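Report on the following structure.
Bear in mind these aren't lab numbers, they're just calculated from the coordinates by the rules spelled out. Here the structure is a predicted model, which is why all the values come from computation and not from measurement. Positions of Cβ are backbone-derived with ideal geometry, glycine not excepted, and every protein chain shown enters the neighbour counts.
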Amino acid sequence: MQYEERFSTLAVASLVLGILSLICFIFHRMYLAVVIVDILLGIGAIVTGVFGMRHVALYSLKGRNYAFVGIVTGANGVGWVLIDTIFSMIY
């Protein structure tokens, strides 16, 4: 029986939260609650991505790229929602 390398759960969670954050960005103009959920998902993706990168390095797991992409997508989700919300308030 061969030992199979495992993926970091935090890295996968970061990727999923980041993708959900970008999906919520599509619908953020419909309801205020979606804006709040989008920001929370993005922050969650960033935090779990940072801890996932540390987890991958500490325990020699797979998933470093998942954590990195989760951080990037989470930051994009939060950034675009904040930029769009600020511009919609101004104009």
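Could you tell me which of the residues Ile71, Ile36, Ile86, Ile43 is buried (at least 17 other Cβ atoms within 10 Å of the Cβ) and in a helix (DSSP H, G or I)?
Values: Ile36 fails: buried (at least 17 other Cβ atoms within 10 Å of the Cβ); Ile86 fails: buried (at least 17 other Cβ atoms within 10 Å of the Cβ); Ile43 fails: buried (at least 17 other Cβ atoms within 10 Å of the Cβ).
Result of the check over Ile71, Ile36, Ile86, Ile43: Ile71.
Would you please list the contacts, defined by Cβ atoms under 8 Å and residues six or more apart or on different chains, that run from a residue in the range 27-50 that is of a type in the set (D, E, K, R) to a residue that is crowded, with 16+ Cβ neighbours inside 10 Å? Matching pairs, first to second residue: Asp38/Ser21; Asp38/Cys24; Asp38/Phe25; Asp38/His28; Asp38/Gly77; Asp38/Val78; Asp38/Val81. Considering each residue of the range 10-20 in turn, none proves to be buried (at least 21 other Cβ atoms within 10 Å of the Cβ), touching a His at 6+ places or on another chain (Cβ under 8 Å), outside any helix (DSSP H, G or I) and in contact (Cβ under 8 Å) with a residue 12 or more places away in the chain. Scanning the range 74-83 for residues that are surrounded by fewer than 16 Cβ atoms within 10 Å (Cβ to Cβ) and aliphatic (A, V, I, L, M) returns Leu82, Ile83. Residues in the range 54-68 that are surrounded by fewer than 22 Cβ atoms within 10 Å (Cβ to Cβ) and either within 12 Å of Ala13 (Cβ to Cβ) or touching a helix residue (DSSP H, G or I) at 6+ places or on another chain (Cβ under 9 Å) (or both): Arg54, His55, Val56, Ala57, Leu61, Lys62, Arg64, Asn65, Phe68. Filtering the range 68-82 to residues that are β-branched (Val, Ile, Thr) and closer than 16 Å to Ile36 by Cβ leaves Val78, Val81.
Let me confirm something: among Thr48, Thr85, which residue is of a type in the set (Val, Ile, Thr) and within 21 Å of Met30 (Cβ to Cβ)? Of the residues listed, the single one that is of a type in the set (Val, Ile, Thr) and within 21 Å of Met30 (Cβ to Cβ) is Thr85.
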